[in-house]
Amino acid sequence: MTLLICGAGLLACSSVNTLTFENVQIPITKEYEQFNSIDSLISPYRSELNKEMLEIIAVAPKGFDKGKPNGALNNWSTDVIYNSQLDKMDNSIPSFCLLNWGGLRNSISKGDVTLGDIFKLMPFDNEIVIVELPMPSLGKIEEYLISRNGEPIAGAFLKQGKISFLNVPKESHSSFFVVTSDYLMNGGDNMNFFEDRISTTYAGELLRDVMIFAAEKQGTLIWNNEQRIIIE
Amino acid sequence: MMNRRNFVRNSVIVSGGVLCAPSLVGQVTLAKPKTTKLTILHTNDTHSNIDPFPENHSKYPGKGGVARRFELIQKVRKEEDSVLLLDAGDIFQGTPYFNKFGGVLEMKLMSKLGYDVATMGNHDFDGGLEGFVKARQFADFPFVCSNYDFKNTPIDGHTQSSTIIQKGEVKVGVFGVGVEMKGLVPDVKYGESVYNNPIDIANDRAAELKRQGCDLVICLSHLGYEYKSDKVSDKVLAQKTKNIHLIIGGHTHTFLEKPTEEKNLIGETVLINQVGWAGINVGRIDFEFDQKIFAKRDVIIVE
């Protein structure tokens with residue numbers, strides 16, 4: 001290596017920059033609570049929210065728990081979503097409703113049901129969609145339900161590995177309509193069979209809003225522990 | 001505990017094919033070396049977590065909380081001259097605060113905390129484009145969204161493709177890249193927003209910020225840290241671009257213990273950092289710029 005020092009502006013080299021860094025990921029804990037100087041900005045919102053979330057909107061006659069392959073919460077959640085879409089299609093009704101066990105985030109305890117309880121059950125702003133699938137895709141859903149040891153369904157049963165619809169004859173159609181959420185339609189929880197979709201209709205309603213409406217309407221929540229999925 | 005790392009670049013000004021050797025300049029430096037420090041604080045995926053998690057929470061008992069984050073930020077601001085506060089998106093959605101108030105409180109609080117810049121995550125579309133604009137009115141900081149084209153949407157004019165912030169003696173360029181909305185965000189929520197290739201855009205933006213004399217170029221990214229598939233992530237972004245020094249990431253809720261060092265298109269080191277979600281942690285990176293100035297006639301040539 002040869003080092004040369006050049007004279008008088010033959011070449012311009014004005015500076016050399018070096019950059020070094022230090023890092024720490026700082027956990028936010030109680031340690032920082034001592035002054036709490038902006039809590040006054042939050043507290044009016046918190047009070048308003050709590051007031052609303054503590055409002056009693058229904059009564060649960062028993063505890064609603066989610067289960068695999070079946071559970072009272074699975075049935076209640078899918079029933080209210082399915083029923084809300086029964087009159088939404090021209091000349092037809094959706095074949096069944098499919099949600100996911102993982103998406104039901106909280107049980108409903110026996111006794112008073114608050115608005116906050118439904119928010120805890122369904123915190124996501126997922127929207128209801130009606131997805132049209134070709135009849136051959138039904139086999140993929142059957143396989144999926146078996147592999148997952150069941151997921152919440154309404155309007156259908158799974159027995160001996162086959163789905164039967166309660167309200168729509170399978171034989172006369174080349175496609176069927178599933179009520180679900182936009183999250184699952186987009187492949188959430190590996191529901192990849194929705195990629196086969198022929199058409200999608202957005203209901204323009206959130207699952208949670210429909211659940212709230214249904215709870216208020218029922219007054220006493222309808223407890224149903226029907227075994228809709230039977231896996232041999 | 002801080003880890004000091006000698007990293008990124010010995011960025012050397014090269015002209016006329018002549019290379020200056022940084023390890024040797026010390027010997028011929030005429031002016032005194034000058035050191036400038038810049039402290040970066042950052043969050044991602046705060047998801048409307050205004051209050052701390054409850055003490056009986058199964059995973060994060062008593063963690064997080066915006067009021068506490070404010071105290072931490074105030075403490076750092078007292079100790080340091082130059083602080084930059086950044087967020088990498090998904091400010092909205094996750095608690096009833098968003099459902100009820102549409103993101104207004106999140107924006108008010110971020111303004112109060114003194115955020116300098118943020119970018120949009122996929123959940124920031126959850127209130128629809130008009131919902132974002134409505135809440136955004138309460139934010140007094142810019143949103144940088146470089147690869148979303150909002151031309152024919154209500155958001156048009158409410159975000160910008162990059163920004164330059166002078167912090168002390170350091171000129172910092174910040175731009176932002178977001179994840180593809182299709183399949184992630186309902187069509188009706190993003191309307192006619194157009195998603196452009198984040199790699200191409202990042203290269204364009206970073207080159208432009210460098211051209212405008214930025215000493216440091218930061219990319220706020222909501223692409224996600226890493227994927228098994230070939231989907232574009234922060235790691236891919238780092239490898240396929242140049243002129244970016246730091247990527248502040250989000251979307252995948254990744255709790256990194258320390259920033260990842262990745263090599264860019266021309267072999268320079270790029271830092272990637274991400275701090276999980278829900279405001280449980282705040283990332284802090286302190287950059288030190290050492291500028292050794294020497295007279296123009298004292299050029300060193302290494303052969």
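The values are calculated or read from the model by the stated rules, or taken from the named source; none is laboratory data. Because the structure is a prediction, the values reported are computed rather than measured. Glycine also receives a Cβ, built like all others from the backbone with ideal geometry; neighbour counts cover every protein chain displayed.
For the stretch B:254-280, which positions are assigned to a strand (DSSP E or B), out of contact with any helix residue (DSSP H, G or I) (no Cβ under 8 Å at 6 or more places or on another chain) and touching a residue at least 40 places away in the same chain (Cβ under 8 Å)?
Listed by number, the residues that qualify are B:261, B:269, B:271, B:273, B:275.
Can you pull out the residues in the stretch B:50-80 that are modelled with pLDDT under 95 and in contact with a Gly (Cβ under 7 Å, 6 or more places away or on another chain)?
Within the stretch B:50-80, B:51, B:52, B:53, B:55 qualify.
Each row is one residue, and each column tells you yes or no for (1) outside any loop (DSSP other than H, G, I, E, B); (2) under 15 Å from residue A:154 (Cβ atoms).
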residue	(1), (2)
A:50	yes, no
A:70	no, yes
A:73	yes, yes
A:83	yes, yes
A:89	no, no
A:102	yes, no
A:128	yes, yes
A:137	yes, no
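Looking at the stretch A:150-162, is at least one residue among the charged types (D, E, K, R), within 17 Å of residue A:75 (Cβ to Cβ) and more than 20 Å from the chain's Cα centre (by Cα)?
Yes, the stretch A:150-162 contains at least one residue that is among the charged types (D, E, K, R), within 17 Å of residue A:75 (Cβ to Cβ) and more than 20 Å from the chain's Cα centre (by Cα).
For the stretch B:224-253, which positions are in contact (Cβ under 8 Å) with a residue 60 or more places away in the chain, away from chain A (no Cβ under 14 Å) and more than 17 Å from residue B:90 (Cβ to Cβ)?
B:237
Kindly indicate whether any position in the stretch B:47-61 is over 20 Å from residue B:247 (Cα atoms), of a type in the set (Ser, Thr, Tyr), within 12 Å of chain A (Cβ to nearest Cβ) and in a strand (DSSP E or B).
The answer is no; no qualifying residue exists.
Kindly check whether there is at least one residue in the stretch B:142-153 that is without any contact (Cβ under 8 Å) to a residue 40 or more places away in the chain, surrounded by 17 or more Cβ atoms within 10 Å (Cβ to Cβ), in contact with a helix residue (DSSP H, G or I) (Cβ under 9 Å, 6 or more places away or on another chain) and not aliphatic (A, V, I, L, M).
Yes, the stretch B:142-153 contains a residue that is without any contact (Cβ under 8 Å) to a residue 40 or more places away in the chain, surrounded by 17 or more Cβ atoms within 10 Å (Cβ to Cβ), in contact with a helix residue (DSSP H, G or I) (Cβ under 9 Å, 6 or more places away or on another chain) and not aliphatic (A, V, I, L, M).
Taking the conditions exactly as written (in a loop (DSSP other than H, G, I, E, B), within 14 Å of chain B (Cβ to nearest Cβ) and among the polar types (S, T, N, Q)), does residue A:25 satisfy them or not?
The answer is no for residue A:25.
Could you name every one of the strands (runs of 3 or more DSSP E) located completely within the stretch A:140-223 that has at least 3 residues being surrounded by 14 or more Cβ atoms within 10 Å (Cβ to Cβ)?
A:156-159, A:175-181, A:199-206
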